[in-house]
Amino acid sequence: MNTVVVPRVVRALFTEDEAARLIELRRDLHAHPELSWKEARTQARLEDALRASGIDDLRRIAGTGLVARIPGRVPGAPVIALRGDIDALPIHEATGLPFASHHEGVMHACGHDVHAAWAAGAALLLQRTPADGDVLVVFQPAEEVGQGASRVLDSGALDGVRAIFGGHVDRRFEVGQVVAQPGPLAASSDSFTITLTGAGAHGARPHESADPVVGLAALVSALQTIVSRRLDPAQPGVVTVGMVQAGTAPNIIPESAELRGTVRATTAASRDLIVGEVDRLSFSVAAAYRLEANVVWGQRTPPVVNSADGAAWAREAAATVLGAESVVPLGTTNMGGEDFAFYLERLPGCFLRIGAREPGGEVIAAHSPRFHPAEDSLFIGAAVLAECARVASRA
Ligand code: NI
């Protein structure tokens, strides 16, 4: 691995000892990854790390989550929230890192080990140089299953908060580069299961059936016309059918067939359009083939849409910490989902992409068994998020 030089101004915010402890925290979390809703060791480890930094206003929330309150310096000033997600993925690690996963088949393949560590680092920096208002540092469980953010909101922990900031490591950008822009940043994610029910028959007597396999084939093709014929071509959108299931033997027409898929969009309007069209086509294609359709929507996450003021505060923060040239455009919108979207439905704020590629390093996608963010990105994330809180609470 190449060595990265973290901008000296950022590194100087931490003592040698603090930097070493943050790296140790991150490596320990990386070596002991835990799946969504199972982050008990992670929760306890973060509590220990925060207490060791003198932060003891800690509260367990949302099951395996945690919130640390860092007092501000101006009574009554707006309260700001920072969020780091903490869960891992069911992936067998192949990074070869010396602190690779000790948990067989579980891996921090999305960098949430770094996100948790940079949230702890931001808490440390805010304790030393407070924001005007109190800052709530939220360690959120279960991002990967799209459930944790809603649970945090339901807990009431963020009631009365003015704005929220969070970020994601990204190896498309070098360490020291930051994306902080208004508008869509990541896509909505909605999964569906469609069951088509007809009438089974002998494969040699199709006229006695209402064949759900033929209907399924027609529906898979019809669903592909949503993005190509119904959605404004200037709007990104995805309809993927990833699973089809029907039948028990070559010569039997089954009673029912099932398809499962996912829908992605970057605005509430295009999301509504695509979801509505999946419903409409399912029922109308089913009717055309004398079948009945049942459509069930599973995990539903809105698009991540940064507010104008949230993005402006984040840009100011990144420019203060790293210089204005560090703020770079996103380029192509990421069609992956991210449950930070639930916070942004309720609160102003900004979700940032934090560069995590060593100079000359390889672009590796998150969720790859070889994914590893450059370690120094944790200092950048900590410093930029802490500054976001300072800027937003005085704005
Ligand atoms: Ni992630």
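The values are calculated or read from the model by the stated rules, or taken from the named source; none is laboratory data. All values reported here derive from a predicted model rather than from experimental measurement. Note that we place each Cβ from the backbone using ideal geometry, even for glycine, and neighbour counts take in every protein chain shown. Heavy atoms of the whole protein, side chains included, go into the accessibility calculation; ligands, DNA and RNA do not. Shrake-Rupley method; radii C 1.70, N 1.55, O 1.52, S 1.80 Å.
Values as computed for the structure displayed
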| quantity | calculated |
| --- | --- |
| Residue in the stretch 210-258 that is nearest to A287 (Cα to Cα), counting only those that are in contact with a His (Cβ under 8 Å, 6 or more places away or on another chain) and among the hydrophobic types (A, V, I, L, M, F, W, C) | I253 |
| Residue list for the stretch 188-212, restricted to those being open to solvent by less than 10 Å² (accessible area, probe 1.4 Å) and either assigned by TED's automatic domain parsing to the domain that holds A149 or assigned to a strand (DSSP E or B) (or both) | S188, D190, F192, I194, L196, A210 |
| Flag for I91 being part of a loop (DSSP other than H, G, I, E, B), aliphatic (A, V, I, L, M) and within 16 Å of the ligand (Cβ to nearest atom) | yes |
| Members of the stretch 60-78 found to be crowded, with 21+ Cβ neighbours inside 10 Å and under 14 Å from A163 (Cβ atoms), listed by number | G72 |
| Single residue of A249, A287 found to be out of contact with any helix residue (DSSP H, G or I) (no Cβ under 6 Å at 6 or more places or on another chain), in a loop (DSSP other than H, G, I, E, B) and in the same structural domain as H202 (by TED's automatic domain parsing) | A249 |
| The stretch 106-160 - residue that is within 21 Å of the chain's Cα centre (by Cα) and open to solvent by 30 Å² or more (accessible area, probe 1.4 Å) and, of those, nearest to the ligand (Cβ to nearest atom) | E144 |
| Output for the stretch 1-60, where each listed residue is of a type in the set (S, T, Y) and closer than 22 Å to G176 by Cβ | T3, T15 |
| Filtered residues of the stretch 79-101 (kept if touching a residue at least 12 places away in the same chain (Cβ under 8 Å), open to solvent by 40 Å² or more (accessible area, probe 1.4 Å) and farther than 22 Å from G337 by Cβ) | H92, A94 |
| Any hit, the stretch 102-120, residues being touching a residue at least 60 places away in the same chain (Cβ under 8 Å), more than 25 Å from L13 (Cα to Cα), touching a helix residue (DSSP H, G or I) at 6+ places or on another chain (Cβ under 9 Å) and among the aliphatic types (A, V, I, L, M) | yes |
| Selected residue (criterion: nearest to the chain's Cα centre (by Cα)) from residues of the stretch 343-356 that are open to solvent by 10 Å² or more (accessible area, probe 1.4 Å) and more than 16 Å from the ligand (Cβ to nearest atom) | E345 |
| The stretch 326-342 - residue that is touching a helix residue (DSSP H, G or I) at 6+ places or on another chain (Cβ under 6 Å) and more than 30 Å from R8 (Cα to Cα) and, of those, most open to solvent (accessible area, probe 1.4 Å) | F342 |
| Pick from the stretch 39-58, criterion under 23 Å from the mean Cα position of the chain (by Cα) and over 15 Å from A122 (Cα atoms), ranking: surrounded by the most Cβ atoms within 10 Å (Cβ to Cβ) | E39 |
| Any hit, the stretch 15-38, residues being in contact (Cβ under 8 Å) with a residue 12 or more places away in the chain and surrounded by fewer than 16 Cβ atoms within 10 Å (Cβ to Cβ) | no |
| Strands (runs of 3 or more DSSP E) fully within the stretch 292-388 counting 1 or more residues that are aromatic (F, W, Y) | 292-301, 349-357 |
| T320 open to solvent by 10 Å² or more (accessible area, probe 1.4 Å) and without any contact (Cβ under 8 Å) to a residue 40 or more places away in the chain | no |
